[in-house]
1. Write down the Kirkwood hydrodynamic radius of the stretch 231-285, to one decimal in angstroms, obtained as one divided by the mean of 1/r over all alpha carbon pairs.
2. No solvent, one uniform scatterer per C-alpha: report log10 I(q)/I(0) for the stretch 25-69 via the Debye equation at q = 0.33 1/Å, two decimals.
3. What value, in deg cm²/dmol to 500, does the helix sum -39500 (n - 2.57) over DSSP H runs of n ≥ 4 give at 222 nm once divided by the residues of the chain?
4. Taking each pair of distinct Cα atoms in the stretch 91-232 once, what is the resulting Kirkwood hydrodynamic radius in Å?
5. Nearest 5 percent is fine: what portion of the DSSP beta bridges confined to the chain is antiparallel?
6. Rg/Rh for the stretch 134-187: what does it come to with C-alpha atoms and Rh from Kirkwood?
7. What FRET efficiency comes out for A9 versus R74 if R0 is 22 angstrom and r is the Cβ-Cβ distance? Round to the nearest 0.05.
8. Starting from the Cα-Cα distance between R82 and D252, subtract it from 0.36 nm times their residue separation and give me the gain in nm to one decimal.
Amino acid sequence: MAYRTVEVAVEGGTLAAGIWGTAGPVVVGSHGITGNHVSFAALADELGDSFRLVAPDHRGRGRSRDITGPWGMRAHADDIVRLLDHLAIAKADVLVGHSMGGFVAAVTAAEHPDRVGRVLLVDGGLPPFDALPPGLTTEQLIAAVIGPAMARLDMTFESREAYHAFWRQHPAIGGSWSSYAERYFDYDLFGEPPNLRPTPKKEAILGDTESQLGGDLVPRSLGALSGAIRFLRAPRGILNADPLYPASLIEDWQRRLPGLSVAEVPDVNHYTILLGGDGAKAVAGEIRRL
């Protein structure tokens, strides 16, 4: 599988991205809130060389961690367009957004409709409420939702093996460990042993949480999309238990967005719907259909 990385000058610094494949339809991948572009490696292998998959490390994560801001869905959308410009890609055939990446995908497609074909939301992109809940700080809210993924940002690890051990205890990851998971988490570290740190910047996580869950940017963007929106749902959530998107929330969004169609990917959780196995196969099949 052909793979290379590129760096692109954007507002606030340098954006890093991975590119799989050399020709064929262009798929752009937008990752989750504390993720990086390597989360799309399994999907790239499932699509094969007949597709070109382009995925950035969103600002404040991965090899884009040194970007100084601004944060928010609109900044990520602008970065995607800048990346397409750098690669001389006039239009992405499919924009795939996983988790927070789904919110980025909605804003990108709404604000740059000439640069995006179809939109595929993968267990993300639909706000769970219309405003941030009162009485919680942004950090408390995101920590309650993503748990260990947020807690790790205040931790150091003596080795890559220690970081693997941390994630192997995660209820959504440990039972589905794979070479894809190992590559993803290895890429997530910077520094030198025994003081390895995860790459995501907390200020980026908090700024993006406020952008994706507060205000009307995302709901307005979803409503502005003129074409059909496809949503793939994981039946188990971030901690491998209750789904991130219960049926009642999906039904509410289908009433609000008549063009929204939904399919459930069997026997996956919020992570494994993308990180390998049957999840990546299902997402690749949906991309081919679109």
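1. On the way: mean 1/r = 0.0867 Å⁻¹.
Here the Kirkwood hydrodynamic radius works out to 11.5 Å.
2. Values, matching the q order: -1.15.
3. On the way: 11 runs with 107 residues, N = 290.
Helix-only estimate at 222 nm: -10500 deg cm²/dmol.
4. 16.9
5. Details: 15 of 37 bridges.
The antiparallel fraction comes to roughly 40 percent.
6. 1.05
7. Details: r = 18 Å, r/R0 = 0.82.
Once rounded, the FRET efficiency stands at 0.75.
8. 57.8 nm
Bear in mind that the values in this text are calculations on the coordinates, not laboratory data. Everything quoted here is computed from the prediction, not taken from an experiment. Virtual Cβ from ideal backbone geometry, glycine too; neighbours counted across all protein chains shown.
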